[in-house]
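Asker: Below you'll find the structure I mean.
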Amino acid sequence: MDFRDAPEEAAFREEVKAFLAVEFKGASDGGLEASGPNAERAKEEVSRGGVDRFGAYKGWMKKLAAKGWTAPAWPKEYGGAGMTVMQQFVFNEEMAKARAPRPGGIGIAFGGPTIIAYGTDEQKREHLPGILSGDAVWCQGFSEPGSGSDLASLQTRAEKDGDDYVINGQKIWTSGAQFAQRMILLARTDPNAPKHKGISYFLLDMKSPGVSVRPLVNMANLPGFSEVFFDNVRVPAKDLLGEENRGWYVATTTLDIERSSIGTSIAQQQSVDDLIRFAKEMGNGKGENGNGRAKSVRAELADRCIEAETARLLSYRVITLQNRGMVPNHESSAVKLYAAELSQRVAETGIRITGLYGQLDRGPSDEKDSASNRWALNRGRFMRSYLQTVSATIAGGTSEVQRNIIATRGLGLPRD
């Protein structure tokens, strides 16, 4: 691996740093959290009467849009930045270091690129500008209660009726559906065809009659996922993306983005840095039997520091392969597996070191002296992280699946 920037990459890195220094104010910028806001949490706070952090988030996205950085990997002719693999890496790395919200979401990552690849000129004119500006929020209607890993077994039906398709069925684990204006939807249009060949891809208007959304509240008290029901929902034929019955092949289109997970490894380093700072400020380990406690805390934090650095190096390995024109396979699985399990270890360390303080969440009021916020560390980040990371080894491919990929494709071990 070469850790040095090429001259053009070094120049771009300085450009990103300069932009962040001027435009990103962190927690003071209209309420954006310094650790990088969770957009769904921000929207939920607004619905509960809290500070409009989602408005601040949208404002930040518009700043990126003015710079042309909303869609780093999209071609320039469609409003993207057209960044190279290394430029995407540098951009994501510097944004993560600054704890700034990075552009993303279903629209940027999946919807837009798929429309660019398969959409008509009319579909591109209708949908791409809203995705780039951040005015249109998209969600992904793929998974169903009985179709997760085996997605091609999905049962949501779309029947042609004149100039429309009539949709009936259900989707689940739909991130942000309660806030979305559009959905990329897979539905079965030919029940008699082999399961991969009878699926079509739609650009669904979430305001269509017959669409109902039921948020699913997770153990961190956040409605990040939803289940969505379709009851005779009429979708105009113009919102069919690509050819009928070939939606599975449309869905396999993925954005050729930087996939090193550098942002995740930097976030873990920052979490460890925050814990070290807390331990120093609170004199963690002092007092009766404090020497033994202090040694234990130092050893645990040292382990997390080493592991976070290991995650960073694994990320650099992936980006090195991509920069050589190679497609990471088991290497990406190694990054995902290691980062997911590390996030749980960091969260457990956080709760253990912060003690009772770490169990507090920030209340809806943004007043620093309010009783609900006075003792909540980092806006309740440690408590939420502990609860949210429980799913880290399940979401996006379980740890068991990742280990199988590493074993068979990386180590050449037999499947049985």
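The values are calculated or read from the model by the stated rules, or taken from the named source; none is laboratory data. These numbers come from a predicted model, not from an experiment. Here the Cβ positions follow ideal geometry from the backbone for every residue, glycine too, while neighbour counts run over all protein chains shown.
Residue-by-condition table, conditions (1) surrounded by fewer than 20 Cβ atoms within 10 Å (Cβ to Cβ); (2) in contact with a Pro (Cβ under 6 Å, 6 or more places away or on another chain); (3) of a type outside the set (S, T, N, Q):
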position: A66; (1), (2), (3): yes, no, yes
position: T70; (1), (2), (3): no, yes, no
position: E77; (1), (2), (3): yes, no, yes
position: Q88; (1), (2), (3): no, yes, no
position: M95; (1), (2), (3): no, no, yes
position: P101; (1), (2), (3): no, yes, yes
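Asker: On to the next question. Could we say that G111 is surrounded by 16 or more Cβ atoms within 10 Å (Cβ to Cβ), under 24 Å from F230 (Cα atoms) and modelled with pLDDT of 90 or more here? Give the steps one after another, and end with the answer.
Answerer: On the way: surrounded by 16 or more Cβ atoms within 10 Å (Cβ to Cβ): yes; under 24 Å from F230 (Cα atoms): yes; modelled with pLDDT of 90 or more: yes.
Against the criterion (surrounded by 16 or more Cβ atoms within 10 Å (Cβ to Cβ), under 24 Å from F230 (Cα atoms) and modelled with pLDDT of 90 or more), G111 qualifies.
Asker: Now for a different question. So T174 clears everything in (1) buried (at least 22 other Cβ atoms within 10 Å of the Cβ); (2) not in a loop (DSSP other than H, G, I, E, B) except one condition, right? Which one?
Answerer: (2)
Asker: Which pairs turn up if I take residues in the stretch 61-87 that are closer than 11 Å to S133 by Cα and look for partners that are part of a helix (DSSP H, G or I) and among the hydroxyl-bearing types (S, T, Y) with beta carbon separation below 9 Å, at least 6 apart in sequence or on another chain?
Answerer: Within 9 Å, the pairs are M61/S133; K62/S133; A65/S133; T70/S133; A71/Y78.
Asker: Could you tell me whether L356 is modelled with pLDDT of 85 or more, hydrophobic (A, V, I, L, M, F, W, C) and not assigned by TED's automatic domain parsing to the domain that holds W173?
Answerer: The answer is no for L356.
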